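What follows is a single structure, written as structure tokens, with notes after it.
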Amino acid sequence: MAEFFPNIPKIVYEGQNSDNPFAFKHYNAEEQVSGKTMREHLKFAAAYWHVMRNELADPFGAGTALMPWDDGSETLNNALGRVPVFFEFLEKTGIDYYCFHDRDISPEGNSLAETHDNLAKVVDELAGHQQATGKKLLWGTACLFAHPRYAQGAATSPSADVFAYGASQVKHALEATHRLGGTGYVFWGGREGYGSLINTDMKREVEHLARFLHMAVDHAKKIGFEGQFFIEPKPREPSTHQYDSDAAACLNFLREYNLLEHFQLNIETNHATLAGHTMEHELQVAAGAGALGSIDANRGDELLGWDTDQFPTDYYLATKIMMEVLKVGGFTKGGLNFDAKRRRESHEPEDLFHAHIGGMDAFARGLKVADRIITDGKFGEFIATRYQSFDSGIGAEIEAGSASLESLNTYALKAKAPQLTSGRQERLENLLNDYL
Ligand code: XLS
Ligand code: NI
Ligand code: NI
């Protein structure tokens, strides 16, 4: 069998004292952390679009990535040739899952029918490699944003023909995901938003988007797809405003259009920060609605206001994320997808490995620390104590819904002036440092 990364060994766990850059320092797949192995907790996935298709171009310059296995053509043959490269990458990194857009894995044809045909052929190839390696599909999605026909949106395009085209693409992407045993299907808004309201009927566009998602839910039922549907919030880029701008906006949309029972959220770190939120804020908003489903793991750059999709190597970030994941009882149909790309300067194939090793180690460390924090219970106890005035007496009546403005007026007039206890933020920040 041809080897595409001949100088890269299979990455194994060597522990914190290893100075081998091609080894894990924290990620030990079979190690148990409170009753589950690390691999079961973390459910790492690689993004086909970044690993195989990202040429590392930016708005000011051409791609730099060296991909000796790729002839640069948009042909079916080239697409088929990428598949074994990707599976060698998954094998060597020990990543169990992957995610794709339909157009990452297979090219547009000369007609829509040929496009669907291309997809089916690559899906067969992927199925064969999954079978041979035991690798699994976490989620699939359709690329409804790259082709010029989607310049004004897909489900929210002012053109019904574009809407129909996008629907056709989703039908096939959903069926491909089903055929590959994917446990989820993602809708990221892409160009579902607007550049300006001066030419936009926002209400009509949002209603169309809801229609589109209902069609997907109906089709899933029809074909027996039992994977989880996810929406991935993002506030802007490429559009000025995207309708699924943050977790709260998505939840409101899903509720308004009776979709909440069918959808969870796939929360991406860099999208959270673009929305002006922290990642843990977005995760908690989703968790509060029982809709924390999956994570696109990456991070932004404090100095750049765009979706830089950097690899998540920050221990604090990984710890905070894993605390939220553990608090909801872990992933079910979702996982941790590295929706992350190397910097344009890191153009050699081995950089793909350094990038993923670092992300996996950060999350492994984050998992261990998060588990210790939760097991020790100090933060949990502090927060419980902070709200204890609602556990009994007047507070319990408020929570139970048996208090009224009238009864609280009577209470407050008789009670002593309220006393506050310190929020102890700095003390808790120090405590977090103790764990890291
Ligand atoms: C883009 C999104 C995209 C989705 C899948 O910013 O993160 O990559 O994850 O369409
Ligand atoms: Ni993403
Ligand atoms: Ni993104």
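What is the diffusion coefficient of segment 350-403 in µm²/s, taking the Kirkwood radius over Cα pairs and the Stokes-Einstein relation at 25 °C with a viscosity of 0.890 mPa s?
Details: Rh = 14.4 Å.
Reported coefficient: 171 µm²/s.
If the only charges are +1 at each Lys and Arg Cβ and -1 at each Asp and Glu Cβ, what is the size of the charge dipole of the chain around the Cα centre, to the nearest 20 debye?
Charge dipole of the chain: 860 debye, to the nearest 20.
Just the number, please: Stokes-Einstein D of segment 213-255 in µm²/s, Kirkwood Rh from C-alpha pairs, 25 °C, 0.890 mPa s.
For these conditions, the coefficient is 209 µm²/s.
Does segment 249-381 classify as rounded, prolate or oblate by the C-alpha gyration tensor (a ≥ b ≥ c root eigenvalues; a/c under 1.5 gives rounded; else a/b over b/c gives prolate, otherwise oblate)?
Oblate, because a/c is 1.5 or more while a/b does not exceed b/c.
State which entries of Lys36/Lys327; Lys171/Lys222; Lys36/Lys368; Lys25/Lys135; Lys327/Lys368 exceed 18 angstrom in Cα-Cα distance in the structure shown.
In this structure, Lys25/Lys135 lie more than 18 Å apart at Cα.
Extent of segment 238-309 along each principal axis, from alpha carbon coordinates, in Å, largest to smallest?
38, 23, 15
Where Lys and Arg each count +1 and Asp and Glu each count -1, what net charge lies around Asn337 among other residues with Cβ under 11 Å from its Cβ?
Here the charged neighbours net out to -3.
What ranking do 419-428, 312-321, 107-116 get when scored by the average of other Cβ atoms within 10 Å per residue, highest first?
Numbers: 419-428: 9.0, 312-321: 20.6, 107-116: 14.0.
Taking the mean over residues of other Cβ atoms within 10 Å, the ranking is 312-321, 107-116, 419-428.
What do you get for Rg/Rh of the chain when both radii come from the Cα atoms and Rh is the Kirkwood radius? If you can, show how the numbers build up before the last one.
Details: Rg = 23.6 Å, Rh = 23.4 Å.
Across the chain, the Cα-based Rg/Rh ratio is 1.01.
When the Cα atoms of segment 5-107 are enclosed in a convex hull and the volume is divided per residue, what value in Å³ results?
Spelled out: Cα convex hull of segment 5-107, divided by residues, is 140 Å³.
Which shape class applies to segment 138-291: rounded if a/c is under 1.5, otherwise prolate when a/b exceeds b/c and oblate if not, where a ≥ b ≥ c are the square roots of the Cα gyration tensor eigenvalues?
Judged from the Cα gyration tensor, segment 138-291 comes out oblate (a/c at least 1.5, b/c at or above a/b).
Which lysines have a Cα lying under 21 Å from the Cα of Lys203, excluding residues fewer than 8 positions away in the same chain?
Lys234
Karplus couplings for segment 3-18 from phi (6.51 cos²θ - 1.76 cosθ + 1.60, θ = phi - 60°), rounded to Hz, Gly and Pro as x?
10, 9, 10, x, 8, 9, x, 5, 7, 10, 7, 10, x, 5, 8, 5
From the mean inverse distance of alpha carbon pairs (Kirkwood) and the Cα radius of gyration, derive Rg over Rh for segment 93-205.
That ratio is 1.04, to two decimals.
For segment 312-436, restrict the atom set to alpha-carbon positions and state the Rg and Dmax in Å.
22.1, 72
In deg cm²/dmol, rounded to 500, what helix-only [θ] at 222 nm does the chain give when every DSSP H run of at least 4 residues adds -39500 (n - 2.57) and the total is split over its residues?
-14500 deg cm²/dmol
Output the Cα-based Rg and Dmax of segment 371-436 in Å, rounding Rg to one decimal and Dmax to a whole number.
16.4, 49
Would you mind counting up the charge near Leu137? Only other residues with Cβ under 14 Å from its Cβ, with Lys and Arg at +1 and Asp and Glu at -1.
Details: positive: Lys43, Lys135, Lys136, Arg179, Lys333; negative: Asp96, Asp102, Asp104, Asp124, Glu125, Glu175, Glu226.
With Lys, Arg at +1 and Asp, Glu at -1, the neighbours total -2.
Rule-based calculations on the coordinates, nothing more; no lab input. Given the structure is predicted, the values throughout are model-derived calculations rather than measurements. Neighbour counts run over all protein chains shown; Cβ positions are idealised from the backbone, glycine included.
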